[in-house]
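Take a look at the structure below.
The values are calculated or read from the model by the stated rules, or taken from the named source; none is laboratory data. Remember, it's a predicted structure, so these values are computed and weren't measured experimentally. Cβ sites come from the backbone with ideal geometry, for glycine too, and all protein chains shown count toward neighbours.
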Amino acid sequence: MTGVIGRCVYMAEAAAPSAAGGVPVIILREGTQRTRGREAQLNNIMVAKIIAEAMRSSLGPRGMDKMLVDSFGDVTITSDGATILKEMEVEHPVAKMLVEIAKAQDAEVGDGTTTVVVLAGELLAKAEELIEKEVHPAIIIDGYRKAAVKALEVLDKIGVPISPTDRETLKKIAKTSMAAKIVSEDADHLADLVVDAVLRVAEQVNGKWTIDLDNIKIEKKEGQSIRDTAIIDGIVLDKEVVHSGMPKIIHDAKIALLDCPLEIEKTEFDAKLHIESPEQMKAFMEQEEQMLKEMVDKIASVGANVVLCQKGIDDVAQHFLARKGILAVRRIKRSDIEKIARATGARIITRLEEISEKDLGKARLVEERRVGEDKMVFIEGCDNPKSITILVRGGTKRLVDEAERSIKDALNVVKDVLLESKIVAGGGASEIEVALALRDYAKSLAGKEQLAVEKFAEALEVIPMQLAENAGLDPIEAIVSLRAKHKEGNKWIGVNVFDGKLEDMYKLEILEPLLVKKQAVKAAVEAAAMILKIDDIIAASRLEEKKEKEAGQEESSFEQE
């Protein structure tokens with residue numbers, strides 16, 4: 001049977017006559033392409049190496065930025081791995097898999113996206129060397145998995161326990177995550193804000209810390225400088241007050257959060273009204289107005305002086321609210337409404353008839369302010385703010401966008417340390433230390449798995465090697481020196497990219513969460529194993545290409561006629 005498949009699937013037209021009556025056996029659709037065996041494996045590895053190669057130069061504080069222009073002409077300038085891969089719009093399935101592991105790394109720990117892709121690419125490059133020496137991919141995968149387990153053990157062993165509320169250490173970790181970004185000059189100021197923000201929303205439950213970063217809203221607005229970025233004790237809405245006659249500032253605000261419109265809802269079924277006189281028309285209009293007035297009266301009766309509505313507010317309702325001296329904002333995102341509820345203690349109202357004084361949230365101040373060229377509504381001074389806002393400022397849109405990405409990464413690494421209170425030094429120090437331990441471990445293994453573990457150790461060294469290269473050092477010389485220093489017991493010696501030296505990274509306060517390193521190893525090994533296991537690629541013809549081909553055939557037949 002295998003022989004028949006082998007003969008007839010290389011092209012859709014290839015058909016082997018069946019035993020019964022010469023009916024052709026067509027297995028794959030027309031235009032299907034098939035690559036298998038060694039060729040498929042090497043092609044996949046080549047794609048992964050190309051993606052990793054594109055990412056390598058952006059690794060570390062001395063890494064270069066990438067300018068990405070999408071199909072609409074929008075420009076993004078960044079060195080953030082997750083953003084680069086997201087904007088690259090890759091086509092090959094293997095490239096998409098690497099994008100997926102970078103996204104998973106970003107979602108899980110929020111940092112180390114460039115590291116995980118570079119490491120996965122290097123693991124596959126080392127596997128290619130073994131495949132060419134006739135080592136079976138299954139043996140390589142087993143060796144890699146054993147090496148990963150050992151690597152995680154070593155990382156746990158060298159990780160330094162810290163107090164989760166040690167502000168100074170948390171600040172150093174946040175600064176390290178921003179060192180590779182455009183905003184590195186202002187990292188000191190931003191790191192302070194990030195640590196403040198995380199500790200404000202962090203809660204201890206049964207002795208364990210829980211942090212929901214959704215409680216930290218990041219609002220950005222061009223203008224001023226990065227140093228004007230600030231934490232707001234409450235929520236900032238990129239909206240303005242709906243009516244010019246409403247107050248622009250409310251002290252001791254009592255806030256009603258509505259998940260229902262302040263409008264006359266249209267019926268779901270078609271209806272016709274026969275109005276035969278102006279009086280009937282007037283009565284109809286007055287009835288609508290009366291209904292809207294009753295809605296506003298209901299809100300005012302419970303003592304609310306601020307209305308924040310997820311849906312629309314009718315013009316007539318706006319007029320009545322203004323007359324009552326109530327500040328109102330409409331069409332607020334659901335996520336923002338939930339953050340306001342957490343910050344102010346309000347309950348979200350879905351049926352206006354059931355509103356009561358107990359449902360209202362409290363804030364010291366609700367105010368509309370001009371920020372840059374736009375107006376924004378600030379809700380500040382909440383009693384126990386479970387949600388806060390970081391208002392990001394910067395000279396240009398691209399700078400503000402990059403600052404937002406940097407702050408998100410820093411928030412995540414601080415969160416990681418609270419979840420697992422162990423840290424390691426950066427600069428490639430931990431990778432060299434793990435590689436050293438793996439080489440010793442490889443000697444205890446028999447057979448070809450030993451080769452795979454040794455290659456894993458070599459692959460880990462790509463991180464310090466690339467950091468050295470990006471800093472303008474000789475990468476081979478740097479790796480040899482690092483190995484020698486680590487063998488002497490200096491486990492925190494790494495690449496100081498700023499001075500171009502090999503120094504103790506722990507003393508230089510270049511610190512990273514252990515969780516980020518562990519996740520990078522896990523994700524890179526999983527991706528490499530998945531790609532190595534593929535030995536057959538059957539790609540269906542693309543719909544667009546098929547349409548173009550059919551259009552071309554129609555055109556040629558028309559010309560013949």
field: Any chance Asn490 is over 30 Å from Ile139 (Cβ atoms), within 33 Å of the chain's Cα centre (by Cα), of a type in the set (S, T, N, Q) and assigned by TED's automatic domain parsing to the domain that holds Gln519
entry: no
message: Looking at the range 352-373, can you tell me whether even one residue there is in contact with a helix residue (DSSP H, G or I) (Cβ under 6 Å, 6 or more places away or on another chain), assigned to a loop (DSSP other than H, G, I, E, B) and under 28 Å from Asp233 (Cβ atoms)?
response: no
statement: Considering residues that are surrounded by 15 or more Cβ atoms within 10 Å (Cβ to Cβ) and without any contact (Cβ under 8 Å) to a residue 60 or more places away in the chain, the number found within the range 339-377 is 1
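Quick grid of which residues meet (1) within 19 Å of Arg331 (Cβ to Cβ); (2) surrounded by fewer than 18 Cβ atoms within 10 Å (Cβ to Cβ); (3) in contact with a Ser or Thr (Cβ under 9 Å, 6 or more places away or on another chain):
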{"position": "Gly207", "(1), (2), (3)": "no, yes, no"}
{"position": "Thr210", "(1), (2), (3)": "no, yes, no"}
{"position": "Ile216", "(1), (2), (3)": "no, no, yes"}
{"position": "Lys221", "(1), (2), (3)": "yes, no, no"}
{"position": "Ser225", "(1), (2), (3)": "no, yes, no"}
{"position": "Ile235", "(1), (2), (3)": "yes, no, yes"}
{"position": "Val242", "(1), (2), (3)": "yes, no, no"}
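Of the residues that make up the range 232-244, is at least one part of a loop (DSSP other than H, G, I, E, B), farther than 25 Å from Arg364 by Cβ and modelled with pLDDT under 90?
no
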query: Does Ala107 satisfy being out of contact with any helix residue (DSSP H, G or I) (no Cβ under 8 Å at 6 or more places or on another chain) and closer than 17 Å to Ser177 by Cα?
result: yes
field: Residues being buried (at least 19 other Cβ atoms within 10 Å of the Cβ), part of a helix (DSSP H, G or I) and out of contact with any Gly (no Cβ under 9 Å at 6 or more places or on another chain) - total across the range 173-185
entry: 5
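Within the range 296-338, work out how many residues are under 35 Å from the mean Cα position of the chain (by Cα), within 23 Å of Glu265 (Cα to Cα) and surrounded by fewer than 18 Cβ atoms within 10 Å (Cβ to Cβ).
Counting residues in the range 296-338 that are under 35 Å from the mean Cα position of the chain (by Cα), within 23 Å of Glu265 (Cα to Cα) and surrounded by fewer than 18 Cβ atoms within 10 Å (Cβ to Cβ) gives 5.
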field: Counted residues, the range 416-444 - those being surrounded by fewer than 24 Cβ atoms within 10 Å (Cβ to Cβ), closer than 30 Å to Glu203 by Cβ and not hydrophobic (A, V, I, L, M, F, W, C)
entry: 3
message: Test of understanding: among Leu418, Leu399, which residue is in contact with a Phe, Trp or Tyr (Cβ under 6 Å, 6 or more places away or on another chain) and farther than 18 Å from Ala524 by Cβ?
response: Leu418
- prompt: Looking at the range 481-500, which of the residues that are without any contact (Cβ under 8 Å) to a residue 60 or more places away in the chain and within 13 Å of Ala429 (Cβ to Cβ) is surrounded by the most Cβ atoms within 10 Å (Cβ to Cβ)?
  reply: Leu482
message: If Lys397 satisfies all but one of (1) modelled with pLDDT under 90; (2) under 26 Å from Met295 (Cα atoms); (3) under 30 Å from the mean Cα position of the chain (by Cα); (4) not acidic (Asp, Glu), what's the number of the condition it fails?
response: (2)
query: For the range 186-219, which residues satisfy the criterion of being outside any helix (DSSP H, G or I), β-branched (Val, Ile, Thr) and more than 23 Å from Arg398 (Cβ to Cβ)?
result: Val205, Thr210, Ile211
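Quick check on my filter: what residues within the range 277-319 are on the phi < 0 side of the Ramachandran plot and part of a loop (DSSP other than H, G, I, E, B)?
Matches in the range 277-319: Ser277, Val302, Ala304, Asn305, Gln310, Lys311, Gly312, Asp314.
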message: Suppose we keep only residues that are farther than 14 Å from Glu431 by Cα and surrounded by fewer than 17 Cβ atoms within 10 Å (Cβ to Cβ) within the range 449-480. Which one would you say is modelled with the lowest pLDDT?
response: Gly472
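State all residues of the range 192-218 that are touching an Asp or Glu at 6+ places or on another chain (Cβ under 6 Å) and at pLDDT below 90; if no residue qualifies, say none.
Scanning the range 192-218 gives a single hit, Thr210.
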statement: For Ala95, the lone unmet condition from (1) modelled with pLDDT of 85 or more; (2) surrounded by 17 or more Cβ atoms within 10 Å (Cβ to Cβ); (3) among the small types (Gly, Ala, Ser) is (1)
message: Conditions first: (1) of a type in the set (A, V, I, L, M, F, W, C); (2) assigned to a helix (DSSP H, G or I); (3) under 22 Å from the mean Cα position of the chain (by Cα); (4) at pLDDT 85 or above. Ile84 passes all but one, so which condition is the exception?
response: (4)
- prompt: For the range 395-451, how many residues are among the hydrophobic types (A, V, I, L, M, F, W, C), in contact with a Gly (Cβ under 9 Å, 6 or more places away or on another chain) and not in a helix (DSSP H, G or I)?
  reply: 4
